[in-house]
Amino acid sequence: MSDFQRQHPVAAISRALGLIRGNFITILVFLFVGARSENFPFLWWIGGGAGFLLIAGFANWWRFLYKVEDDTLHIKSGIFVRKDIYLTKDRIQVIDVTSGVLQRLFGLVRLDIQTAGSSSRQAAIDAITIEDARDISYLLRPDKNGSSAEGDLKDSAESDSEEESIKSIKLPLKELLIAASTSGSFGIALSLIATVFSQVEPLIGQSEMYEYLIGLIPSDADFILILAMIGAFVLFAWLISFFSTLFKYGNFQLEVKEDEIVVSRGIFEKKRITIPYNRIQAIHVAEGMIRQPLGYASLHLESAGYGDEKGSGSFVLFPLIGKGNIQSLLQEILPDYNRGVEGITPPVRSLRRYIFRSSVLVTLITGILFWVLSLNVWIWLLPLVSVFWGWIRFKDAAAGWDGDLFVIRSRFLSKSTAYIKKKRIQDFSLHQSFFQRYRGLCSIKMYVASGDQGKSFGVSDLELDDGYRALDEARKETAVKISDMDKSEIELKNRLIHLPGWV
Amino acid sequence: MEQQSFHKITPRVIKVWQWSNSISYLFYFGIPIGYAAIFGLDQFHIWVALSLTLLVLIGWVLSIVWLPYKIWENWRYAINDKEIELKHGVFFKTQTLIPLSRVQHVDTRQGPLLRWYSLSQVTISTAATTHEIPGLDIVIANRVRRQISTYARLAEDDV
């Protein structure tokens, strides 16, 4: 491992495929433009493009070298601009092993070594054998408690028991199916279809096929046609989200090891994420709009690695779990976080602000549309729904703390309950807008490291005193329970609740 | 809670803000100009354009004679061996607490305007967010930067 090595040559192909995936829309447009141009044969376009990609992929593969030396992963890469990346063992946040369909054909994996921040994004090794990946991740494993003398002794024993996990939890099929059918990526799929459609539509629009199809439709069926179109779109989006979730979280398994958690999932593209306990930034439980009434939630984890392409460091720790089982699951995997704390809710007078905030825009837009387009009266249901939305957002907002743990519960669309260790809070701020000052309210917000930007958790419109209480507790080493603080205010008592509030 | 000793930022920064606002707010005069370009200057539209101009003008004047003073007045920072605390905001007041053990790095930066007034801004980055103290005298800025990095080193911890 101390000499520079090349990846498996398959990396060249997977790199080329990566380029295609990254510029998919551009390529699509190029292909359509190319297909129309008369004096430049279509096959030339495709052939030339594929050749170019292969050469680029091959050059990338040739110029990519890596080695592990002195607890450091050293990567040289770049075709023209040479880049030397050094990743030290102490700084590694997450180790992520993926094997796509292509890689699996050759028994290879992709290894992502993530450090905090985005600079390690280029440090992924696209294609190496499973054994090599295991070796590297073993060499780069963080020290156990940093003790070297003891570590040496343990090392020999550890190498045998390395693969042994204390517990392993699987996702039952029934729950996988529920997770897939209620997945929130539904909206994303819908917007994806809309994007593709808007790109392709002008091209189809001019074809004879389209004209023919339009000719088939009776002209008086406009309204029903639109409804059917919408229905078909929604169904299609739902199917996409159903299967993508199914493939993503199939074979889900959570392994609890002595000092790390290993999540493996995926049917076609297998992914295996290793995160040491001391790299966990925060965890949060999300109860989606559809899942909450069914009594289900999902469990997420924030890490300082870069996570996915979007750069958020959060990943799914458990895709679907009954509300009643969350506590026992937490007890098994992260007992530190399984704690009920006392929380405070915003005072009743901030309900008005919650409702105003969530409904003002919707009402305004509905009003304008109603007058301008003279729509059906039923459209006014939308503002009513938004008032309800404001009310549940108010109902779910709460902040609590105890000892070294902060719990923040809030809702945008799904209800999220975040558990944040105090020493993981990057900054804590208290905001007061002009109107909040007038009403004696404030909002609190805390950031934890997560991916490139970090992730914030906060509660709006708390009583100003409560905000300052939280700020002061964040300052201390260990926070004092709310009920142990001064209870002189009778009003406070009414707003005390127990978090997280699951039975 | 109140043992913190808060400092104000250097008053010369007001001048910097006045200059930069007076230039950058000129952009908003594009709104009435654009309006006039689209709708012309007929009887009705001339009044709209004039009132828009007036509004932008008032905003422009305020951004020079009033806003910088208010912003300066509301800016406070405090640094001790455990945390950095920043308070600022005119309409939206914000108070931020940054534990020193979470500070990743501290920079001082200077644009041409700041350099002209021998000021410098201090940027404090954590693993998640970036905060800045907008205008400090160069000497003070360097002292603050050194102070933070010394304290931060003492409180060494992983992300």
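The values are calculated or read from the model by the stated rules, or taken from the named source; none is laboratory data. Quick caveat, the model's predicted, so the values are computed rather than measured. Reconstructed Cβ throughout: ideal geometry from the backbone, glycine too, with neighbour counts over all protein chains shown.
Quick notes on this one:
- Only one entry of A:239, A:190 meets the criterion of being away from chain B (no Cβ under 14 Å), at pLDDT below 85 and over 30 Å from residue A:500 (Cα atoms), and that entry is A:190.
- None of B:114, B:136, B:57 is more than 14 Å from chain A (Cβ to nearest Cβ), farther than 26 Å from residue A:279 by Cα, touching a Gly at 6+ places or on another chain (Cβ under 8 Å) and not in a loop (DSSP other than H, G, I, E, B) except B:114.
- For segment B:122-130, the count of residues that are away from every other protein chain (no Cβ under 14 Å) and more than 29 Å from residue A:302 (Cα to Cα) is zero.
- Candidate set: segment B:89-106, residues that are touching an Asp or Glu at 6+ places or on another chain (Cβ under 9 Å) and part of a strand (DSSP E or B); chosen: the one farthest from the other protein chains (Cβ to nearest Cβ): B:99
- If you go through segment A:332-356 and keep only what is more than 17 Å from residue A:467 (Cα to Cα), in a helix (DSSP H, G or I), free of Cβ contacts under 8 Å to residues at least 24 places away in the same chain and not charged (D, E, K, R), you end up with just A:335.
- Checking each residue in segment B:30-52 for being surrounded by 15 or more Cβ atoms within 10 Å (Cβ to Cβ) and out of contact with any Phe, Trp or Tyr (no Cβ under 7 Å at 6 or more places or on another chain) picks out B:32, B:35, B:36.
- Here the strands (runs of 3 or more DSSP E) wholly within segment A:411-472 that include at least 3 residues being at the interface with chain B (Cβ under 10 Å from one of its Cβ atoms), modelled with pLDDT of 90 or more and surrounded by fewer than 24 Cβ atoms within 10 Å (Cβ to Cβ) are A:425-432.
- Residue check, residue B:70 modelled with pLDDT of 90 or more, within 14 Å of another protein chain (Cβ to nearest Cβ) and over 28 Å from residue A:455 (Cβ atoms): yes
- The requirement of being surrounded by 14 or more Cβ atoms within 10 Å (Cβ to Cβ), closer than 24 Å to residue A:445 by Cβ, within 8 Å of another protein chain (Cβ to nearest Cβ) and of a type in the set (A, V, I, L, M, F, W, C) is not satisfied by residue B:86.
- Qualifying residue in segment B:96-110 (condition: under 23 Å from residue B:19 (Cβ atoms) and either modelled with pLDDT of 90 or more or aromatic (Phe, Trp, Tyr) (or both)): no
- Residue B:78 vs. criteria surrounded by 19 or more Cβ atoms within 10 Å (Cβ to Cβ) and more than 11 Å from every other protein chain (Cβ to nearest Cβ): no
- Taken over segment B:110-150, residues that are under 19 Å from residue A:424 (Cβ atoms) and either in contact (Cβ under 8 Å) with a residue 12 or more places away in the chain or surrounded by 15 or more Cβ atoms within 10 Å (Cβ to Cβ) (or both) amount to 7.
- Taking each residue of segment A:370-387 that is surrounded by 13 or more Cβ atoms within 10 Å (Cβ to Cβ) and looking for partners that are not in a helix (DSSP H, G or I) with beta-carbon atoms closer than 9 Å, six or more apart or interchain, yields A:370/A:376.
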